[in-house]
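Written out below as structure tokens is the structure these notes cover.
Laboratory data are not the source of any read-out in this text; all were calculated from the coordinates shown. Not measured: the values here are computed from a predicted model. Glycine gets a Cβ as well: all are built from the backbone with ideal geometry, and neighbour counts include every protein chain shown.
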Amino acid sequence: MKRDFLAVSDLTPDEIGRLLQRAGELKAGRGSGQCPLIGKSIGLLFEKPSTRTRLSFEVGVYQMGGNSITMNPSELQLGRGETMPDTARTISRYLDGIMIRTFSHSTLVQFAAAASIPVINGLSDLHHPCQALADLVTITEKKGKLKGLKVAFVGDGNNVCNSLIEAASIMEFDFVIACPEGFEPDADILEKARASAKSEIVVLRDPKEAAGMADAVYTDVWVSMGQEGQADEKKKRLGDYQINSRLLACSKKDVIVLHCLPAHRGEEITDEVMDGPHSVVFDQAENRLHAQKALLEMLIR
Ligand code: CP
Ligand code: NVA
């Protein structure tokens, strides 16, 4: 039976625990000579731009002995009206797995239902689960644990925030979101995560209250891909939710700062913080590679 990875909640706590351990081993070079993808081909379909996701998947597949094929819809018959389900059925005859970055999450669900190979979400409007896995690797690497930590997310309650909510619920760390009214994370994801969480998942308005005594502070762009039409309004409303040194002063002295990148310096995060001693953003970007290799090992048989 094929396994998809469309959201963090598609994995069990045990599976995430094993994946984090394996990502650490791969990063340390243990078992990196193994090539479980020899003879296998992984498709990478991008409906939106990407630097980290594209390169970490291409390099990861190569390092595991496989072949990656990067595509965009305009090069495929998708661009001329072939349906997603027909495309999914066809590509399942050639590929051993596919990662898709798309707009609507329902596109991924529809594709996964028709495909007979594992489908990995490389970002949708609702989730960015591969990012969350790399974030868990990064926090564990820097803090030695996840359980019992407090992570503050400051800014737009977007796809990255939604995936971190699921991660917090499964891995038992407190997650406090500070956002203006109307910028809350997805209500269903929040409700489900809270229902099963042993940790606290809280939405509030004051960034200082969220960042207070946090072990990690996280932010992402105020205008996600596909939201460019709302850019002026979003930037105006989110103006008070910047990660700067004044905000960090509320957190613990050894707080780490995360950002999935790309950053809009001077908007959601200042240069001073991004380039400062608390920032782990480039280790976090590197960890996309290790986390996704561990994920591919788990899903691609
Ligand atoms: N964080 C992330 O997904 O980056 P890209 O958009 O560059 O892939
Ligand atoms: N929330 C951002 C993440 C980019 C990696 C977006 O969807 O554009």
Dimensions (Å) - the chain, Cα atoms, principal axes, largest first: 54, 45, 37
From the P(r) of the stretch 210-267, can you give the percent of Cα pairs sitting at distances over 18 Å? 39 percent
Residues of the stretch 12-28 with backbone nitrogen within less than 14 Å of a virtual label 7 Å along the Cα-to-Cβ line of residue 283, please, listed as ranges. 24, 27-28
Partners for residue 253 among lysines (Cα-Cα distance below 18 Å; same-chain residues under 8 apart left out): 142, 143, 145, 150, 208
Gained length - residue 107 relative to residue 181, 0.36 nm times residue gap less alpha-carbon distance: 23.8 nm
Tell me the label-point distance for the pair residue 67, residue 198, using the 7 Å Cα-to-Cβ offset, in nm and rounded to one decimal. 4.6 nm
At what distance in nm do the modelled label points of residue 28 and residue 208 sit from each other, each positioned 7 Å from its Cα along Cα→Cβ? 4.3 nm
With a ≥ b ≥ c taken as the square roots of the eigenvalues of the C-alpha gyration tensor of the stretch 88-231, please select rounded if a/c is under 1.5 and otherwise prolate if a/b is larger than b/c or oblate if it is not? prolate
Once you have the Kirkwood Rh of the stretch 1-132 from its Cα pairs, apply Stokes-Einstein at 25 °C and 0.890 mPa s and quote D in µm²/s. 159 µm²/s
I'm checking a number: the convex hull volume of the Cα atoms of the stretch 227-301, normalised per residue, in Å³. What is it? 127 Å³
Most mobile of 124, 251, 104 in a GNM of the chain (Cα contacts under 10 Å): 104
Full extension from residue 253 to residue 18: what is 0.36 nm times the residue separation minus their Cα-Cα distance, to one decimal in nm? 81.6 nm
If one builds a Gaussian network model of the chain from Cα atoms under 10 Å apart, the most fluctuating residue listed among 152, 132, 114 is 114
Okay, which of the stretch 225-241 sit inside 16 Å, backbone N to the point 7 Å along the Cα-Cβ direction of residue 271? none
Gap separating the Cα centres of the stretch 79-95 and the stretch 209-256, nearest whole Å: 39 Å
At 0.36 nm per residue, and after removing the present C-alpha to C-alpha distance, how many nm does the segment from residue 227 to residue 116 gain when stretched out fully? 36.8 nm
Of 101, 80, 18, which is the most mobile in a GNM of the chain whose springs link Cα atoms less than 10 angstrom apart? 80
